[in-house]
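Okay, so here's the structure we're looking at.
The values are calculated or read from the model by the stated rules, or taken from the named source; none is laboratory data. Remember, it's a predicted structure, so these values are computed and weren't measured experimentally. Here the Cβ positions follow ideal geometry from the backbone for every residue, glycine too, while neighbour counts run over all protein chains shown. For the accessible areas, the whole protein counts, side chains as well, though only heavy atoms, and no ligand, DNA or RNA atoms are used. Shrake-Rupley method; radii C 1.70, N 1.55, O 1.52, S 1.80 Å.
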Amino acid sequence: LPSSAPVLLVVGGSLGARSINNALLKNYTQLIDAGVHVLWQTGAVFYEQHRATLALLPEQLKVVPFIKEMDMAYAAASCVISRAGALAISELCLVAKPCILVPSPYVSEDHQRKNAMALVNKQAALMVLESDTETDLVKRALALLANTSEQEALKTNIAALAKPNATAAIVDEIIKLVV
C-alpha cells in the first residue's frame with residue numbers, strides 16, 4: 001500500500017459482514033476514482049463465493065479473506081470501517097484511528113449499536129446503520145477521507161477513550177475479589 005495515498009481499512013470481523021462487503025462491491029469504483037487504496041477483509045465465506053469477481057478488481061483494492069497482522073493493517077490505514085463489537089472498538093481506541101462503525105443488528109440486545117453510539121456521542125466515531133450501507137457507507141468514507149480536520153478530531157476523541165492498561169486493571173480487580 002502506498003504511503004502517499006489514503007488507505008481505507010475495511011473489516012467486518014473475522015467472518016466478514018455481508019452488508020459491508022456488498023456495499024464495497026457495489027460502490028468500489030467511487031473509491032478508485034477518488035484515488036483511495038483499500039485493504040478489505042471480506043471473511044472467508046464471502047471471499048470464496050465471490051473469488052472470481054474479486055480477482056478482477058483493480059490493484060488499488062487489496063482483498064483478503066482474513067488479516068492476521070492487524071497491527072500492520074491499522075498502521076497502514078488512514079481510516080477504518082468496522083463492526084462495533086467490544087474488541088474491535090477497544091482496538092480502534094488504542095490505535096486512535098478515525099472510523100466508521102457499522103453495528104451488526106443481529107447480535108443480542110443490540111449491543112453493537114449501543115457500543116457505536118457510545119463513541120458517536122463523544123464525537124469519537126461515525127456510524128452507518130446496516131440498512132444504509134449500500135447507499136451511505138462509501139459516501140461517508142469518502143467524505144471522511146477528504147476531511148482532515150474531522151479525522152484529527154475523531155483521532156483525538158477516540159484516543160481519549162483508550163484503556164491501554166485494561167488487562168492489568170482487570171487482574172487487579174480479580175485479585176481484590178479473591179483475597
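Structural remarks
- Solvent-accessible heavy-atom area per residue, rounded to whole Å², over the range 1-115 at 1.4 Å: 50
- Residues 66, 46, sorted by accessible area with the largest first, give 66, 46 [1.4 Å probe; ligands and nucleic acids excluded].
- Using the Karplus relation 6.51 cos²θ - 1.76 cosθ + 1.60 with θ = phi - 60°, the per-residue 3J(HN,Hα) values for the range 91-106 come to 5, 4, 5, 5, 8, 6, 9, x, 9, 10, 9, 10, x, 6, x, 9 Hz, with x marking Gly and Pro.
- J(HN,Hα) series, the range 16-25, from Karplus relation 6.51 cos²θ - 1.76 cosθ + 1.60, nearest Hz, glycine and proline x: x, 9, 4, 5, 5, 4, 5, 4, 5, 4
- The modelled label-to-label distance for the pair residue 4/residue 168, using points 7 Å beyond Cα in the direction of Cβ, is 4.2 nm.
- Carbon-plus-sulfur accessible fraction, the chain (probe radius 1.4 Å, protein heavy atoms only): 57%.
- Taking the chain and dividing mean pair separation by its residue count, relative contact order in percent (alpha carbons under 8 Å, at least six apart): 23
- Debye intensity ratio in log₁₀ form over the Cα atoms of the chain, taken at each q of 0.09, 0.10, 0.19 Å⁻¹: -0.31, -0.38, -1.31
- Distant-in-sequence amide H partners of residue 61 (H built 1.01 Å from N, under 5 Å): 38
- Amide H within-cut-off set for residue 127, under 5 Å, with H built and near neighbours excluded: 101
- Sparse-neighbourhood loop sites, trypsin sites (Lys or Arg not before Pro) in the range 68-168 - DSSP loop, at most 15 other Cβ within 10 angstrom: 68, 122
- Karplus-based coupling profile of the range 107-123, in residue order and whole Hz: 9, 4, 6, 6, 5, 5, 5, 5, 4, 4, 5, 4, 7, 4, 5, 9, 6, with θ = phi - 60° in 6.51 cos²θ - 1.76 cosθ + 1.60 and x standing for Gly or Pro.
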